[in-house]
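K.L.:
Okay, here's the structure, questions in a sec.
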Amino acid sequence: MTVSSKDLLRQLSELQAPTGDEAEVASFMEKHFETAGFAVKRDMLGNVIARKGNGEKKIMVAAHMDEICMAVTSITKDGFIKFAKIGGIYDGILGGVRVTLHAKQKILGIIGMKPPHLMKEEEVKRLQEYEALFVDIGAKSKQEAEKRGIRPGIQITFASKFAELDGDFVVGKAFDNRAGCVVLLKLAETDIPKDVTLFLVGTVREETGLWGAGTSAFAVEPDFAIALDVCLGGGTPDVPEDNVPIKLGAGPTISVIEAGGRGLIMSRKLVDWIEGVARKNKIAHQFEVSDKGATDASRMQYVRSGLLTASIGIPSHYIHSQNEVIALSDLDNTAKLLKALVNEFPKYK
Ligand SMILES: [Zn+2]
């Protein structure tokens, strides 16, 4: 029996894969790929590389498995834990939230926050910088925290749970990029054309510099590389559609330019081809240009002597918060578009 996109996203969102230690999500992906008949291997960095089919055209679809996180830097003598940020975290989201510390056993902690009653007027107005924050696990001393396995380097992830909102909106942590991982798993369930060898790759260390995409694309050397990731959706009071014209529920994006052109720039020919495939298969889609963000595609495009590379985005609100929001219909439309691209690619010239 196949699992729905929603249930896959629920499970994947609540797993933990801090950047650099993605094993929990990797094992989940590996199990599903094997069930779908893929040959799977894990490389030195931890990328999951799943392969199926024997056709002449090699297509690689990548989605990163890691999530933004933090890491323990020191423990105060009273047992409070100081931390560094790993990945793009805005300090304003940190105070008062629940986190998971990845000691041998997972430990629940909270990031402490000074009650506003005790703040001076200028403190209330100012952003609380992360250097002043700390994690509280209930330990009363440094020794007590160490006894529970806390030491510098132990990673920390957010602990929010998956939930459903109105309509087909859902909320949870790490939809960046478990949403892309769900699409990989849905794609694994479909038939592969006989002239294609399909590589589905769960990549590591995207959030700190697109590392896994580089090494895995080098190993696979595909004829066509596609990165799946979330992309910035607009339409909230703070992000008007004039600034970000991408809507949740209006289909995947063809992400033409990343990081203001310092990252991926898709060729006109490839963009037109993908648009044509979407239209022919009646799949809703949008076009995206991102000023700052980059995905695995920005790395894959300059692997070896350069790879034909596309970036497909799943619109999301509140990216890099503990509560990211997407529309489930976008997941299914993204999976449909990917299936169509895999089917049509042998005819791309
Ligand atoms: Zn991200």
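K.L.:
Can you tell me which residues in the stretch 253-262 are among the charged types (D, E, K, R) and surrounded by fewer than 17 Cβ atoms within 10 Å (Cβ to Cβ)? Before the answer, list the steps.
P.N.:
Within the stretch 253-262, the subset among the charged types (D, E, K, R) is 258, 262.
Of everything in the stretch 253-262, just one residue is among the charged types (D, E, K, R) and surrounded by fewer than 17 Cβ atoms within 10 Å (Cβ to Cβ), namely 262.
K.L.:
Next up: Could you list, in sequence order, all residues of the stretch 298-320 that are surrounded by fewer than 20 Cβ atoms within 10 Å (Cβ to Cβ) and either within 16 Å of the ligand (Cβ to nearest atom) or without any contact (Cβ under 8 Å) to a residue 40 or more places away in the chain (or both)?
P.N.:
Of everything in the stretch 298-320, those that are surrounded by fewer than 20 Cβ atoms within 10 Å (Cβ to Cβ) and either within 16 Å of the ligand (Cβ to nearest atom) or without any contact (Cβ under 8 Å) to a residue 40 or more places away in the chain (or both) turn out to be 302, 305, 306, 318, 320.
K.L.:
Going through the stretch 283-342 one residue at a time, which ones are outside any loop (DSSP other than H, G, I, E, B) and charged (D, E, K, R)?
P.N.:
Those that are outside any loop (DSSP other than H, G, I, E, B) and charged (D, E, K, R): 288, 296, 299, 324, 330, 332, 336, 339.
K.L.:
Name every residue in the stretch 40-94 that is acidic (Asp, Glu), under 30 Å from residue 128 (Cβ atoms) and within 22 Å of the chain's Cα centre (by Cα), in order of residue number. Even if it seems obvious, please write down each step before you answer.
P.N.:
Within the stretch 40-94, the subset acidic (Asp, Glu) is 43, 56, 66-67, 78, 91.
Within this subset, residues satisfying the condition of being under 30 Å from residue 128 (Cβ atoms) are 66-67, 78, 91.
Passing the criteria: 66, 67, 91.
K.L.:
Another question, if that's okay. Please enumerate the residues belonging to the stretch 217-235 that are within 16 Å of the ligand (Cβ to nearest atom) and of a type in the set (Gly, Ala, Ser).
P.N.:
Initial filter on the stretch 217-235 (within 16 Å of the ligand (Cβ to nearest atom)): 227-233.
227, 233, listed by residue number.
Table: residues versus (1) touching a residue at least 40 places away in the same chain (Cβ under 8 Å); (2) buried (at least 21 other Cβ atoms within 10 Å of the Cβ).
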{"residue": "214", "(1), (2)": "yes, no"}
{"residue": "222", "(1), (2)": "yes, yes"}
{"residue": "227", "(1), (2)": "yes, yes"}
{"residue": "233", "(1), (2)": "yes, yes"}
{"residue": "244", "(1), (2)": "no, no"}
{"residue": "251", "(1), (2)": "yes, yes"}
{"residue": "264", "(1), (2)": "yes, yes"}
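Residues are listed down the side, and each one gets a yes or a no for (1) surrounded by 13 or more Cβ atoms within 10 Å (Cβ to Cβ); (2) modelled with pLDDT of 95 or more; (3) out of contact with any Leu (no Cβ under 6 Å at 6 or more places or on another chain):
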| position | (1), (2), (3) |
| --- | --- |
| 121 | no, no, yes |
| 128 | yes, no, yes |
| 153 | no, yes, yes |
| 167 | no, no, yes |
| 174 | yes, yes, yes |
| 182 | yes, yes, no |
| 187 | yes, yes, no |
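K.L.:
Okay, moving on. Can you find a residue in the stretch 225-244 that is part of a helix (DSSP H, G or I) and touching an Asp or Glu at 6+ places or on another chain (Cβ under 6 Å)?
P.N.:
The first filter runs over the stretch 225-244 and keeps only residues part of a helix (DSSP H, G or I), leaving none.
Taking every residue of the stretch 225-244 in turn, none turns out to be part of a helix (DSSP H, G or I) and touching an Asp or Glu at 6+ places or on another chain (Cβ under 6 Å).
K.L.:
Let me ask something additional. I'd like the full set of residues that are within 15 Å of residue 110 (Cα to Cα), in a strand (DSSP E or B), of a type outside the set (D, E, K, R) and in contact with a Phe, Trp or Tyr (Cβ under 8 Å, 6 or more places away or on another chain), limited to the stretch 70-83. Full working, then the answer.
P.N.:
The first filter runs over the stretch 70-83 and keeps only residues within 15 Å of residue 110 (Cα to Cα), leaving 70-72, 75, 79-83.
With the extra rule that they be in a strand (DSSP E or B), the set shrinks to 70-72, 75, 81-83.
From what is left, the residues that are of a type outside the set (D, E, K, R) are 70-72, 75, 81, 83.
Residues satisfying the conditions are 70, 71, 72, 81, 83.
K.L.:
I'm told residue 85 meets every condition in (1) crowded, with 18+ Cβ neighbours inside 10 Å; (2) within 16 Å of the ligand (Cβ to nearest atom) except one. Can you identify the failing condition by its number?
P.N.:
Against the list (1) crowded, with 18+ Cβ neighbours inside 10 Å; (2) within 16 Å of the ligand (Cβ to nearest atom), residue 85 comes up short only on (1).
K.L.:
Spot the failing condition for residue 254; the list is (1) in a loop (DSSP other than H, G, I, E, B); (2) in contact with a helix residue (DSSP H, G or I) (Cβ under 9 Å, 6 or more places away or on another chain), and only one is missed.
P.N.:
Here residue 254 meets the rest and fails (1).
K.L.:
Restricting to strands (runs of 3 or more DSSP E) lying wholly in the stretch 103-216: which have 1 or more residues that are within 16 Å of the ligand (Cβ to nearest atom)?
P.N.:
Here the list reads 155-158, 169-172, 196-203.
The values are calculated or read from the model by the stated rules, or taken from the named source; none is laboratory data. As the structure is a computational prediction, the values presented were derived from the model and not from experiment. Here Cβ is always computed from backbone atoms with ideal geometry, including for glycine, and neighbour counts include all displayed protein chains.
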